[in-house]
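The values are calculated or read from the model by the stated rules, or taken from the named source; none is laboratory data. The shown structure was predicted, so the numbers you read here are calculated from the model rather than taken from an experiment. Heads up, the Cβs are rebuilt from the backbone with ideal geometry, glycines too, and the neighbour counts pull from every protein chain shown.
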Amino acid sequence: MAKKSNLLFQTAVELSVIHASYVVGTGAPCTDKATEEKLAAPTSQINTRLASSMGDVSRFWSALFAEVAAGESLREACEAALATSGCSELQIEATAAALRSQLEDSRIALGQRFPKLQEQLKLRAGPLRDRWQTYGPGLLIETAKLIWHSAPPDGWWPESIDCLLVQPFRGGDGGFDSGSRRIWIEAMLTDPDPIVTEVVRLAYLATQVAIGRHLEQTLGPRPAIDLPEGFGSGTSRHSLLPWDLGTVPIVLRAARNLGLFSQQTLPVAKAIKLWRLGDDESAAAVERWWEQWGDRDVAMPVSLKALAESMQPLAERRKASRLQ
């Protein structure tokens, strides 16, 4: 069985258009103000059309991103995303035609902003791919050892994972779909942080693919209504255990063990912020949990249960505040 996954890097021009539209359309922080201005009008029109069709805006953008990442045509992607968003079946065909026109406006606008986007992405892909080939395989092997105490289950790593490289619009971003063995990442030429590097982010995303596959094998397939994890939906594979947060210090420790940085204190809070996994309170809870459980010789699910219990009061306070 594979001791690690082989990442297959691919430049993704069409997905870059959807990524830019997704960022602007959902009002997410964008580091490229020129792109934000160019896409403001078409994405606003899309959101207005979705609202008139009783579609959920955020679910539409998430599902559209996932469909395009899977290689679907824009027509099929729009119709599938509208169905996911709750749009009436009677309105899907007409609404999809209008949205495709507006997404074409977004593509044209982005083409004006980056007339040589394909070539640019190829240039951006080189440094990240080279750094991954140097450090990535070791990171995956070390991460699996730490999660499973040197004895990962058979088939933990898929043979390969597709890695889609998109134009950066957020100063570093990425996500994954474990069911399709696919991750995506903004092709940054430089690391936003010298310690929590983009190679470490890639190792984290690849680990989430392995976790999702493991959960599917042990818990069964996820419900069909779920959106792919990490493709902008903010959802993850249904599990009572917070694997997404608990593996942050694991991946960081693997990076330190391999000499990618030397400081003793793991930058857990910084990674959670850079990877958009939670707020300061969530990060503090993970840091406290790691201090108590990081060096214990216990199975990962056991320690994650403790993390879930420690975060329950935080979840209850947030729920209560939303109801006020």
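In a helix (DSSP H, G or I), in contact with an Asp or Glu (Cβ under 9 Å, 6 or more places away or on another chain) and surrounded by fewer than 18 Cβ atoms within 10 Å (Cβ to Cβ): is that true of Ala34 in this structure?
No, not satisfied.
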Give the residue, chosen from Ala81, Ala109, that is without any contact (Cβ under 8 Å) to a residue 24 or more places away in the chain and among the small types (Gly, Ala, Ser).
-> Ala81
For segment 20-31, name all the residues that are of a type in the set (Gly, Ala, Ser) and part of a helix (DSSP H, G or I).
-> Ala20, Ser21, Gly25
Inspect all residues belonging to segment 95-113 and state whether any of them is surrounded by fewer than 23 Cβ atoms within 10 Å (Cβ to Cβ), outside any helix (DSSP H, G or I) and not assigned by TED's automatic domain parsing to the domain that holds Thr197.
-> no
Note: among Arg124, Arg131, Arg75, just one is assigned to a helix (DSSP H, G or I) and either buried (at least 17 other Cβ atoms within 10 Å of the Cβ) or of a type in the set (S, T, N, Q) (or both), namely Arg124
Residue check for Ser282: touching a Phe, Trp or Tyr at 6+ places or on another chain (Cβ under 8 Å), closer than 19 Å to Leu241 by Cβ and among the hydroxyl-bearing types (Ser, Thr, Tyr) = no
Quick one: Phe114 ticks every box in (1) modelled with pLDDT under 95; (2) over 21 Å from the mean Cα position of the chain (by Cα); (3) aromatic (Phe, Trp, Tyr); (4) more than 21 Å from Ile211 (Cα to Cα) bar one, so which box is it?
-> (1)
Candidate set from segment 158-181 (those that are assigned to a strand (DSSP E or B) and within 10 Å of the chain's Cα centre (by Cα)); member that is surrounded by the most Cβ atoms within 10 Å (Cβ to Cβ) = Phe176
Taking only pairs six or more apart or across chains, which ones have beta-carbon atoms under 6 Å, a first residue in segment 1-20 that is loosely packed, with under 14 Cβ neighbours inside 10 Å, and a second residue that is part of a strand (DSSP E or B) and charged (D, E, K, R)?
-> Leu8/Asp162
Residues in segment 47-58: is at least one among the hydroxyl-bearing types (Ser, Thr, Tyr), over 19 Å from Cys163 (Cβ atoms), under 17 Å from the mean Cα position of the chain (by Cα) and not in a helix (DSSP H, G or I)?
-> no
